[in-house]
Structure formats: C-alpha cells, structure tokens
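The values are calculated or read from the model by the stated rules, or taken from the named source; none is laboratory data. Fair warning: this is a prediction, and the values are worked out from it, not measured in the lab. Cβ placement follows ideal geometry from the backbone for every residue including glycine, while neighbour counts extend to all protein chains displayed.
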Amino acid sequence: MEVRMAIPGDEYAIAEVHVESWKTTYQGIIDKNYLQSISKVSREEMWKGAIERGYSESCLFVAVIEGKVVGFASGGPERTKKYGIDTELYAIYLLKEFQGRGIGKKLFLEVARFLKEKNHSSMLVWVLTDNPCKQFYLSFLPEELDTEHIEIGDKSYEETAYVWKDLQKF
C-alpha cells in the first residue's frame with residue numbers, strides 16, 4: 001500500500017471512493033434519495049480543482065493498492081475561523097472493503113504531518129454525530145469542541161467538531 005499526494009488523473013478515482021463511501025457509511029443515516037443523487041461527475045470536478053490548486057496550504061493524499069485508489073484524505077486551513085484552531089481535516093474516506101486495515105490511520109497521519117510541516121499546531125474535524133465511523137477519530141484522542149447542524153439535501157443533521165490542540169503528538 002502506498003500513500004502519496006494526489007496527482008492529475010486521480011480525480012475520477014477519488015470521486016468514485018467519495019461517492020461509494022458516502023453510500024455505504026451514511027446508509028440509514030442520510031436520506032436515501034440524497035445518497036442516490038450524489039454525482040461522481042460533480043465530485044470529480046471538485047477533486048480536480050483541489051489537485052489543480054496545488055499543495056501550498058492544503059493537501060490531498062490518496063491510498064493506492066495494486067494501482068487502485070482505495071481511499072483519500074484532505075486537509076488545510078480551518079474554514080470557520082471561529083475556534084482559534086489552525087487547520088482542519090476536511091475528509092477521510094475509504095472504500096468499505098479496505099476499512100479496518102490501518103489505511104485511514106496512515107492517511108490521517110500524513111495529513112497531520114503535512115500540516116505540521118506548514119508550521120501549524122492544531123487541527124479539527126467535523127463528523128456527523130451519527131457516523132458509525134466516528135470511533136476512528138476518537139481513537140486519536142481528540143477533545144470534543146462543538147456541535148452544529150448542517151443541511152444535507154433538504155434535511156438537517158448534527159455534526160460534532162473534534163480538535164487536536166497539539167499536532168506534535170502525531
């Protein structure tokens with residue numbers, strides 16, 4: 001298994017992982033009509049843009065097994081500027097059949113390493129409160145910071161912010 005920065009051409013595979021992960025992880029949590037409507041094309045454009053912007057402040061790592069992208073993680077500046085936290089882990093997604101193998105941990109640590117190298121000291125992540133995979137984040141011993149409601153489709157969902165105030169521990 002290789003973890004590397006995403007390169008042009010990876011956007012389709014990243015979009016595929018993104019959509020498939022949403023459909024398996026959030027089944028029974030997020031409205032099924034919304035999950036069925038998620039477009040690989042729109043996600044591909046999103047990730048293509050992230051790759052094209054480069055990695056001066058943000059990062060996008062992929063996990064590759066036998067030439068296939070099976071997961072990804074992205075991070076960069078904290079978006080709300082409400083909490084005095086430097087950075088944010090925007091996403092980690094793995095295809096279901098590759099979960100539980102330590103791949104997510106490697107992706108998480110690569111994002112933390114990248115952000116530390118950019119002289120940042122703290123990171124937060126927003127996780128749907130009902131996400132069955134939130135134990136993954138809790139295994140890194142964050143502090144619970146806040147909860148908010150977000151709109152996904154036409155429904156409201158609670159999400160929880162977890163924070164690591166010292167990236168040096170990773």
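Pairing each residue of region 109-122 that is closer than 10 Å to Gly75 by Cβ with any residue that is surrounded by fewer than 16 Cβ atoms within 10 Å (Cβ to Cβ) and among the aliphatic types (A, V, I, L, M), provided the two are 6+ apart or on different chains, yields C-beta distances under 9 Å for Glu110/Met5; Phe114/Met5.
Can you spot a residue in region 55-62 that is touching a helix residue (DSSP H, G or I) at 6+ places or on another chain (Cβ under 6 Å), in contact (Cβ under 8 Å) with a residue 24 or more places away in the chain and surrounded by fewer than 19 Cβ atoms within 10 Å (Cβ to Cβ)?
The initial filter retains those residues of region 55-62 that are touching a helix residue (DSSP H, G or I) at 6+ places or on another chain (Cβ under 6 Å), namely 59-61.
Still in the list and also in contact (Cβ under 8 Å) with a residue 24 or more places away in the chain: 59-61.
Adding the requirement that they be surrounded by fewer than 19 Cβ atoms within 10 Å (Cβ to Cβ) leaves none.
So far as region 55-62 goes, no, none of its residues is touching a helix residue (DSSP H, G or I) at 6+ places or on another chain (Cβ under 6 Å), in contact (Cβ under 8 Å) with a residue 24 or more places away in the chain and surrounded by fewer than 19 Cβ atoms within 10 Å (Cβ to Cβ).
Against the condition of a type outside the set (A, V, I, L, M, F, W, C) and surrounded by fewer than 18 Cβ atoms within 10 Å (Cβ to Cβ), how does Gly104 come out, does it pass? Against the criterion (of a type outside the set (A, V, I, L, M, F, W, C) and surrounded by fewer than 18 Cβ atoms within 10 Å (Cβ to Cβ)), Gly104 does not qualify.
Within region 115-155, being assigned to a helix (DSSP H, G or I) and loosely packed, with under 14 Cβ neighbours inside 10 Å holds for Glu117, Gln135, Leu138.
Glu158: of a type in the set (D, E, K, R), out of contact with any Pro (no Cβ under 8 Å at 6 or more places or on another chain), outside any helix (DSSP H, G or I) and surrounded by 11 or more Cβ atoms within 10 Å (Cβ to Cβ), yes or no? Outline the logic, then answer.
Numbers: of a type in the set (D, E, K, R): yes; out of contact with any Pro (no Cβ under 8 Å at 6 or more places or on another chain): yes; outside any helix (DSSP H, G or I): yes; surrounded by 11 or more Cβ atoms within 10 Å (Cβ to Cβ): yes.
Considered against the rule, which asks whether it is of a type in the set (D, E, K, R), out of contact with any Pro (no Cβ under 8 Å at 6 or more places or on another chain), outside any helix (DSSP H, G or I) and surrounded by 11 or more Cβ atoms within 10 Å (Cβ to Cβ), Glu158 comes out as yes.
Residues in region 113-170 that are more than 25 Å from Asn33 (Cα to Cα), touching a helix residue (DSSP H, G or I) at 6+ places or on another chain (Cβ under 8 Å) and among the β-branched types (Val, Ile, Thr): Val125 only. Checking Phe170, Phe98, Phe108 one by one, the residue that is touching a strand residue (DSSP E or B) at 6+ places or on another chain (Cβ under 8 Å) and modelled with pLDDT under 95 is Phe170 and no other. Where helices (runs of 4 or more DSSP H) fall wholly inside region 1-87, no range has 2 or more residues that are modelled with pLDDT of 95 or more, touching a strand residue (DSSP E or B) at 6+ places or on another chain (Cβ under 7 Å) and farther than 30 Å from Ser156 by Cβ. Scanning region 85-101 for residues that are surrounded by 16 or more Cβ atoms within 10 Å (Cβ to Cβ) and not charged (D, E, K, R) yields Ile85, Thr87, Leu89, Tyr90, Ala91, Ile92, Tyr93, Leu94, Leu95, Phe98, Gln99. Residues that are among the aromatic types (Phe, Trp, Tyr), under 26 Å from Gly102 (Cβ atoms), without any contact (Cβ under 8 Å) to a residue 40 or more places away in the chain and out of contact with any Cys (no Cβ under 7 Å at 6 or more places or on another chain): does region 11-34 have at least one? The answer is yes; a qualifying residue exists.
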